[in-house]
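What follows is a set of notes on a single structure, which appears directly below.
What follows draws every value from the coordinates through simple rules; no lab data is involved. Since the structure is predicted, the reported quantities are computational estimates derived from the model, not experimental observations. Heads up, the Cβs are rebuilt from the backbone with ideal geometry, glycines too, and the neighbour counts pull from every protein chain shown.
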Amino acid sequence: MPENKKFADKTSALPEHVAVIMDGNGRWATERGLKRSEGHKEGAKKVPVVANALFNAGVKTVSLYALSEENFSRPQDEITGILERIEEFIAAFPKLFKEGSVRLRFLGSVEKAGEPLCSVIGQAEKDTLFCSPFTLNILLGYGGRAEIIRAARLLSEKNEEFTAENFEKELYTSGLSDPDLIIRTGGEKRLSGFMPYQSTYSELYFCDTLFPDFGEEDISAALSDYSGRNRRFGKI
Ligand code: FPP
């Protein structure tokens with residue numbers, strides 16, 4: 001069995017891996033006459049709510065799109081605010097999830113977060129390395145095309161055979177199953193560079209709810225919608 005578990009039971013009514021593109025924090029704040037950073041604060045409060053609701057439903061892997069590579073060109077104070085929310089989240093992590101049950105991973109050009117956050121992230125990943133059965137991935141400084149180019153470069157440097165199996169080991173998602181379900185909040189209907197290689201057969205669910213308002217009921221609706229999908233993976 002290759003490390004990347006492509007052969008898991010993908011016809012199950014319950015997704016094994018759910019991703020959330022957390023969109024709408026800025027609009028949530030603007031609608032209330034608040035600064036965009038207030039929207040990110042409210043969004044950050046929803047991160048453990050959403051992850052725990054998915055884990056409690058039986059989902060094993062949750063991936064949250066926090067900051068894309070492109071997001072780093074937003075005004076510095078907005079980026080600083082989001083990075084502060086991430087740092088607070090890591091500090092609170094042991095209290096937010098059932099002890100020893102969640103492995104925390106960061107996917108992307110994490111070095112863009114700078115120090116000291118980069119070291120804090122590295123330590124959190126080490127501290128939770130053997131936690132199971134759940135995995136929470138936070139995409140930070142992530143770009144889908146950049147991930148593919150990076151993986152190709154790393155594989156070519158290794159001088160190994162160019163197979164899908166070897167290539168997938170060089171992706172940030174090495175060892176993870178592909179997302180079965182990708183949810184995007186905030187009404188936009190696009191993936192914005194989210195895991196282009198891994199999402200080829202993902203089911204997509206778009207909802208209008210802005211991320212700070214997104215909660216357990218929306219998750220139930222998304223999971224219920226997924227359970228009615230007919231996944232054929234190009235077969236009949
Ligand atoms: C997109 O909404 C959201 C982001 C770019 C940041 C997401 C960050 C968080 C939810 C908080 C921190 C994360 C963690 C993991 C603790 P937008 O700002 O593009 O919203 P808009 O489309 O309404 O402008």
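Picking from residues in region 69-86 that are touching a residue at least 40 places away in the same chain (Cβ under 8 Å) and either farther than 26 Å from R145 by Cα or out of contact with any strand residue (DSSP E or B) (no Cβ under 7 Å at 6 or more places or on another chain) (or both), the one that is nearest to the ligand (Cβ to nearest atom) is R85. Only one of the listed residues (A29, A66, A44) is within 11 Å of the ligand (Cβ to nearest atom) and in contact with an Asp or Glu (Cβ under 6 Å, 6 or more places away or on another chain). That residue is A29. Of everything listed in (1) of a type in the set (A, V, I, L, M); (2) farther than 23 Å from S227 by Cα; (3) in contact (Cβ under 8 Å) with a residue 24 or more places away in the chain, the single unmet condition for V20 is (2). Every listed requirement among (1) in a helix (DSSP H, G or I); (2) closer than 28 Å to S227 by Cα; (3) within 13 Å of the ligand (Cβ to nearest atom); (4) free of Cβ contacts under 8 Å to residues at least 60 places away in the same chain is met by F89 save one, (2). What about G141, is it buried (at least 19 other Cβ atoms within 10 Å of the Cβ) and under 27 Å from D23 (Cα atoms)? In short, yes.
Please verify whether region 192-212 includes one or more residues that are in a helix (DSSP H, G or I) and either of a type in the set (D, E) or under 26 Å from E84 (Cβ atoms) (or both). Among the residues of region 192-212, at least one is in a helix (DSSP H, G or I) and either of a type in the set (D, E) or under 26 Å from E84 (Cβ atoms) (or both), which makes the answer yes. Would it be correct to say that L104 is closer than 22 Å to L171 by Cα and within 15 Å of the ligand (Cβ to nearest atom)? Yes: the conditions hold for L104. The residues in region 148-167 that are closer than 20 Å to G108 by Cα, surrounded by 13 or more Cβ atoms within 10 Å (Cβ to Cβ) and of a type outside the set (A, V, I, L, M) can be counted, and the count is 3. Comparison of A151, A146, A222 shows that the only residue that is small (G, A, S), over 23 Å from E70 (Cα atoms) and not in a loop (DSSP other than H, G, I, E, B) is A222. Among the residues making up region 154-191, those that are away from the ligand (no atom under 16 Å from the Cβ), touching a helix residue (DSSP H, G or I) at 6+ places or on another chain (Cβ under 7 Å) and outside any helix (DSSP H, G or I) are E160, F162, E170, L171, S174, L181.
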